[in-house]
Each structure stands twice: as structure tokens, then as C-alpha cells.
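Below: the structure, in C-alpha cells.
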Amino acid sequence: MGSNSSSVNNIPNAQELMQETGFSAAHILRLYERFECLDKDKRGQLRPQDFGAVRELAMNPIGDRIISAFFSPGQETVDFASFVRILAHFRPTETNQTRDGAKQEPANSRTRKLKFAFQLYDQDRDGKISRVELLQVLRAMLGMQVTEEQLQSIAERAIQEADLDKDDAISFDEFRKSLEKADIDHRMSIRFLR
Ligand code: CA
Ligand code: CA
């Protein structure tokens, strides 16, 4: 490509991003190269369709939802800093995460990972996963493998198990409790970072 991006110093705000996300210089560099490849018109901004070139996402049954999680509501493009901040959710959780002066939990904490995952279900962003929203995700993920009847019963069981206050929807707290023992790191690994 001949571009001279082989030093992290050439990347705008690289130091701040490293501090904020915990990514190493090598990670940031790698992500920058990735970003530049996706940024076909070289305007420093990605649109949702630019993510189509990411094979891991194109092959993921809920890839569309993951892509839309990169964009805040009403936003049509994402710049490099936002791109890195979203990807930080996919960094493995560290056991010792307390960093001096950190204003909020790092993006790779268990809670923030769970929030990210929750948001993939909660499409209307009302803070609850409704039966319909759950069915949409299950349908996308299981698709042809199961009948509509089986889908309904899987959704029913998931709601019954998670819905502690019986409002027929899954709140974030309920979602978190139901996944208490789940290996979130493993589930939320995307090969984006290698
Ligand atoms: Ca909802
Ligand atoms: Ca509930």
C-alpha cells in the first residue's frame, strides 16, 4: 500500500486511545490498518456497508446487529476513535482492572460486555428484551435448524427462566443474572483483533 502508517505515532489520538481502552500500540496499529482497509473512500469514516468486507461479520447470523452497534442512534458514520472504543468490548477481561484515574469501567469489563450483548437484543433500546426481540435474535441465529414451534418454546423457556419480576420481558439485571455463570469472554470473542 505504500502508506507510511507503520508507526503508532502517525495515528491521531493513539496515546489517548491506548490509555482509554487498554489496547497496546501494536493493537492500535493493527486496528488502524484494518480501519484504513475498510475505509475505501479514505475519508476517515466508515459507513455500515463498509463493514460488509469483514468476513467474520458477514458470516455472523447477527452480524447486522453487531454492525449497527458501532453506530450511535442517528449516526451514519463511525470514525477511528469510535471504532476502537467499540472493539474494546471484545478485549478479554482482565482480572486486575483497577486503573488509576479511570472514570468509568473499562469497555472489556464483564458488565460492559454484557451491556453490549444486551443491546444487540434490545433493538428498540427501551432497556428490556421483549419476547418479540428475543424471537428475532433466535430466529436469526437458529434459522433453518428449528421449526417455528421449537423457536417459540426456546424463547418461552428463556423468558421464564430469566424473567424474575414477571413482566414478560428481560431487563438488564435479569439478563445479567441469567448469565452469571456463562463464559462471556469466550462468547464475545471476535477474531477482529488478531
Ligand atoms: Ca426492547
Ligand atoms: Ca422481567
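The values are calculated or read from the model by the stated rules, or taken from the named source; none is laboratory data. All figures in this text were calculated on a predicted structure; none of them were measured in a lab. Methodologically, a virtual Cβ is constructed for each residue, glycine included, from the backbone with ideal geometry; neighbour enumeration extends over all protein chains shown. For the accessible areas, the whole protein counts, side chains as well, though only heavy atoms, and no ligand, DNA or RNA atoms are used. Shrake-Rupley method; radii C 1.70, N 1.55, O 1.52, S 1.80 Å.
Which three extents, in angstrom, do the Cα atoms of the range 14-94 have along their principal axes, listed largest first?
Its Cα atoms span 29, 29, 25 Å along the three principal axes.
Under a Cβ-Cβ cut-off of 12 Å, what is the net charge of the residues other than Thr77 that fall near it, where Lys and Arg count +1 and Asp and Glu count -1?
Taking every Cβ under 12 Å from that of Thr77, the sum is -3.
How large is the dipole of the chain about the Cα centre if only Lys and Arg carry +1 and Asp and Glu carry -1, each at its Cβ, rounded to the nearest 20 debye? Provide the component values of the computation, followed by the final result.
Working: 28 positive and 31 negative charges, 136 e Å.
Computed charge dipole of the chain: roughly 660 debye.
Go through Ser153, Ser82 and list them by solvent-accessible area, largest first, probe radius 1.4 Å.
Heavy-atom accessible area, descending, gives Ser153, Ser82.
Picking from Pro48, Gln160, Ser72, whose Cα lies most toward the positive end of the charge dipole for the chain (charges on Cβ: Lys, Arg +1; Asp, Glu -1)?
Going by the charge dipole, the pick is Pro48.
Of the listed pairs Lys128/Lys181; Lys115/Lys177; Lys113/Lys181, which have alpha-carbon separations greater than 19 Å here? Each step should come with its number before you reach the end.
Details: Lys128/Lys181 21 Å; Lys115/Lys177 12 Å; Lys113/Lys181 14 Å.
In this structure, Lys128/Lys181 lie more than 19 Å apart at Cα.
What size of dipole, in debye to the nearest 20, comes out for the range 109-187 about its Cα centre when the only charges are +1 on Lys and Arg C-beta atoms and -1 on Asp and Glu C-beta atoms?
Numbers: 14 positive and 17 negative charges, 92 e Å.
For the range 109-187, the charge dipole is close to 440 debye.
Can you give me the angle between helix 25-38 and the longest principal axis of the chain, using Cα atoms only, in degrees from 0 to 90, rounded to the nearest 10?
Approximately 80 degrees, to the nearest ten.
Where Rh is the Kirkwood radius over the Cα pairs of the chain, the temperature 25 °C and the viscosity 0.890 mPa s, what D in µm²/s does Stokes-Einstein return?
133
Identify all aspartates and glutamates with a Cα-Cα distance to Lys40 below 14 Å; exclude those on the same chain that are fewer than 8 residues away in sequence.
Asp50, Asp79
With the crude spin-label approximation of a point 7 Å out along Cα→Cβ, what separation in nm comes out for Thr77 versus Ala58?
2.3
Please sort by residue number the trypsin sites (Lys or Arg not before Pro) in the range 1-74 whose DSSP state is loop and whose Cβ has at most 14 other Cβ atoms within 10 Å.
Here the trypsin sites (Lys or Arg not before Pro) that fit, given the DSSP loop and packing criteria, are Lys40, Lys42, Arg43.
At 25 °C and 0.890 mPa s, what whole-number value in µm²/s does Stokes-Einstein give for the translational diffusion of the range 6-54, with Rh from the Kirkwood sum over Cα pairs?
Reported coefficient: 214 µm²/s.
If you build the Cα gyration tensor of the range 109-187 and take the root of 5 times each eigenvalue, what three semi-axes come out, in whole angstrom, biggest first?
Three semi-axes, in Å: 20, 15, 12.
Spin-label point model (7 Å from Cα, Cβ direction): what's the Leu120 to Thr93 distance in nm?
Spacing of the two 7 Å Cα→Cβ label points: 1.6 nm.
Which length gain, in nm to one decimal place, applies between Phe172 and Ser6 when the Cα-Cα distance is subtracted from 0.36 nm times their residue separation? It would help to have the intermediate numbers written out before the result.
On the way: separation 166, 0.36 × 166 = 59.76 nm, distance 4.13 nm.
The span from Phe172 to Ser6 would gain 55.6 nm if fully extended.
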